[in-house]
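Scroll down for the structure; my scribbles are underneath it.
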Amino acid sequence: MANSINFLLIITTLVAIAPLCFCHSTNGGYLYPQFYDRTCPQALNIVKSIVAKAVAKEPRMAASLLRLHFHDCFVKGCDASILLDSGGGITSEKNSIPNRNSVRGFDVIDEIKSALEKACPRTVSCADILAVVARDSTVLVSWWPSWVVPLGRRDSRDASLSGSNNNIPAPNNTFQTILTKFKLKGLNIVDLVALSAEAYQNPCGKYLI
């Protein structure tokens, strides 16, 4: 029963952040599902295969991959800035309070990126990988049907440690502060309730998701 509830919460969470993650415009133009049909037609199958292997090995990884996408999108948009390591003037978002020793699944993303680089060098963005992984991992552990993910996101060349520390809602924030943070991302009180539910199910978790 507990597992069923947790899976339902994962689905509710994804539906809540859909307006944030699946917007149809990007710095490079417009997002559309067929973005890689000609340049890397096997991309989605590669992603799905590796995600399936990771979730089969550890079912909790499905929620971790979704959380990784959420923490990326809530800072500077869905641009894969969360994947950047420190160096060259970049201070990684991995070192922020919400992410440090908490967010995981980077190894799965690295494996996917490596496989895609072998199949289609310098073609599929990490931002798109995160979006597709969030979809595939959720579908794998639930009754929720699959859906089409618009593609064509561009990867960020910098990270925002302060944005990660300040934008991701924390448990010591007031309700109004959290709601304001959600509204700044185009979300509303319904989304807030859905995302907060995961934290109440997991008393050891420090952040909303």
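The values are calculated or read from the model by the stated rules, or taken from the named source; none is laboratory data. Since the model is a prediction, treat every value here as computed from it, not as a measurement. A quick note on method: Cβ atoms are made from the backbone with ideal geometry, for glycine too, and the neighbour counts reach across all protein chains shown.
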**Item:** All positions within region 98-142 that are outside any helix (DSSP H, G or I) and either among the hydrophobic types (A, V, I, L, M, F, W, C) or touching a Cys at 6+ places or on another chain (Cβ under 7 Å) (or both)
**Value:** 103, 120, 123, 124, 141
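The rows are residues; the columns are (1) surrounded by 12 or more Cβ atoms within 10 Å (Cβ to Cβ); (2) of a type in the set (Ser, Thr, Tyr); (3) closer than 22 Å to residue 93 by Cα; (4) modelled with pLDDT of 50 or more.
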{"position": "168", "(1), (2), (3), (4)": "yes, no, yes, yes"}
{"position": "171", "(1), (2), (3), (4)": "no, no, yes, yes"}
{"position": "174", "(1), (2), (3), (4)": "no, yes, no, yes"}
{"position": "179", "(1), (2), (3), (4)": "yes, no, no, yes"}
{"position": "182", "(1), (2), (3), (4)": "yes, no, yes, yes"}
{"position": "192", "(1), (2), (3), (4)": "yes, no, no, yes"}
{"position": "200", "(1), (2), (3), (4)": "no, yes, no, no"}
{"position": "205", "(1), (2), (3), (4)": "yes, no, yes, no"}
